[in-house]
1. Can you report the number of residues in the stretch 227-262 which are out of contact with any strand residue (DSSP E or B) (no Cβ under 6 Å at 6 or more places or on another chain) and farther than 20 Å from ALA164 by Cβ?
2. Going by what's in this entry, would ALA191 be described as at pLDDT 95 or above, assigned to a helix (DSSP H, G or I), out of contact with any strand residue (DSSP E or B) (no Cβ under 7 Å at 6 or more places or on another chain) and open to solvent by less than 10 Å² (accessible area, probe 1.4 Å)?
3. Kindly check whether there is at least one residue in the stretch 178-199 that is of a type in the set (Val, Ile, Thr) and farther than 23 Å from VAL256 by Cβ.
4. Check ARG174, ARG167 and return the single one that is at pLDDT 90 or above, open to solvent by less than 30 Å² (accessible area, probe 1.4 Å) and not hydrophobic (A, V, I, L, M, F, W, C).
5. Within the stretch 215-254, can you find the residues that are surrounded by fewer than 17 Cβ atoms within 10 Å (Cβ to Cβ) and among the acidic types (Asp, Glu)?
6. I'd like to know if the stretch 203-214 contains one or more residues that are assigned to a loop (DSSP other than H, G, I, E, B) and either of a type outside the set (S, T, N, Q) or surrounded by 14 or more Cβ atoms within 10 Å (Cβ to Cβ) (or both).
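The values are calculated or read from the model by the stated rules, or taken from the named source; none is laboratory data. As the structure is a prediction and not an experimental result, all values here were calculated from the model. Positions of Cβ are backbone-derived with ideal geometry, glycine not excepted, and every protein chain shown enters the neighbour counts. The area values use the complete protein model at the heavy-atom level, side chains included, leaving out ligands, DNA and RNA. Shrake-Rupley method; radii C 1.70, N 1.55, O 1.52, S 1.80 Å.
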Amino acid sequence: MSSRLLRSVRSGRRPAPSRPSLARRLPMVAAAAVVVAGLATACGPSSTPAGSAAPTGVQEPASVPAADRTSQDASPAASATASVLPSASASASVQASPPGAATGSSSGSAGKGGGTADSGSRSGSGSGTGGAKPTSAALPAPAPAKVPGPGYDSSADARALIDAALRSAKSDGRMVLLDFGANWCGNCKAADKVFAQPATSELLADDYHLVKVDIGGDSSANSALLRKYSPSGGTYTMPVLVVVSPSGTTRVDTHVTGNPSLTADGIGSFLRKWAP
């Protein structure tokens, strides 16, 4: 060995460096691979290589067809639109409804959303209508009946006057009061004075149709009417007051019962007793 080295030096050539053996290089390659793997693990891959298997324990989501993805993407918007539509329809119903129904609808919607359902239901039932059924208007009271003045008209058609009074009584429910008397009768004049007093006149106008029949003359027709409504006969004490129902039935005849006191209290009590 020493002789060969000496010859090389003498000849002016440098000896070639000795190459490391394969056994020496393998540990270095392995160490470099470990360093690279550590760096890769620390930084992480920028993207999953195509065709590489998913890591253990992580399930890759199933692929969704394009049509399904479109429907899924559209569903949130559709849901949002659907949630807005009731409010829009409620607004439309408020604008299109009559004023009463609009109050009930808007108040009811507020009750569902804002916790005021009680006030909404009260408003709906109060204005819509609903609810409550309309009540029929009360019929107006009939006009007061006409009360004739004092005295007896011997030329009047008493039968026609009685028939007209009965027709009116059937219409308004009042009674018919027949006053048989004469212009020369003192008691008849006393009764006329009481009939003219405001309190008595009001009772007559409210509850009776008063017909005065003259029986002091020679009218056989009027005498026949007296016997029709006061059939007991005999001697009559005037005035004879007869209360007749709308159907024409005699309710009371003072020729039988006797006349009341010809005062405001007496005649007033008589009229109130036989009023309808």
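1. So the count comes out to 15.
2. It is true that ALA191 is at pLDDT 95 or above, assigned to a helix (DSSP H, G or I), out of contact with any strand residue (DSSP E or B) (no Cβ under 7 Å at 6 or more places or on another chain) and open to solvent by less than 10 Å² (accessible area, probe 1.4 Å).
3. no
4. Residue meeting the stated conditions: ARG174.
5. Scanning the stretch 215-254 gives a single hit, ASP218.
6. no
Every residue, every condition in (1) closer than 18 Å to LEU271 by Cα; (2) of a type in the set (Ser, Thr, Tyr); (3) touching a residue at least 60 places away in the same chain (Cβ under 8 Å); (4) touching a helix residue (DSSP H, G or I) at 6+ places or on another chain (Cβ under 8 Å), yes or no:
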residue	(1), (2), (3), (4)
ASN222	no, no, yes, yes
GLY233	no, no, no, yes
MET238	yes, no, no, yes
THR249	yes, yes, no, no
PRO260	yes, no, no, yes
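Let's see how each residue does on (1) of a type in the set (Val, Ile, Thr); (2) closer than 16 Å to ASN183 by Cβ:
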site	(1), (2)
LYS212	no, yes
GLY216	no, yes
ALA224	no, no
LYS228	no, no
THR237	yes, no
VAL240	yes, yes
VAL244	yes, no
VAL252	yes, no
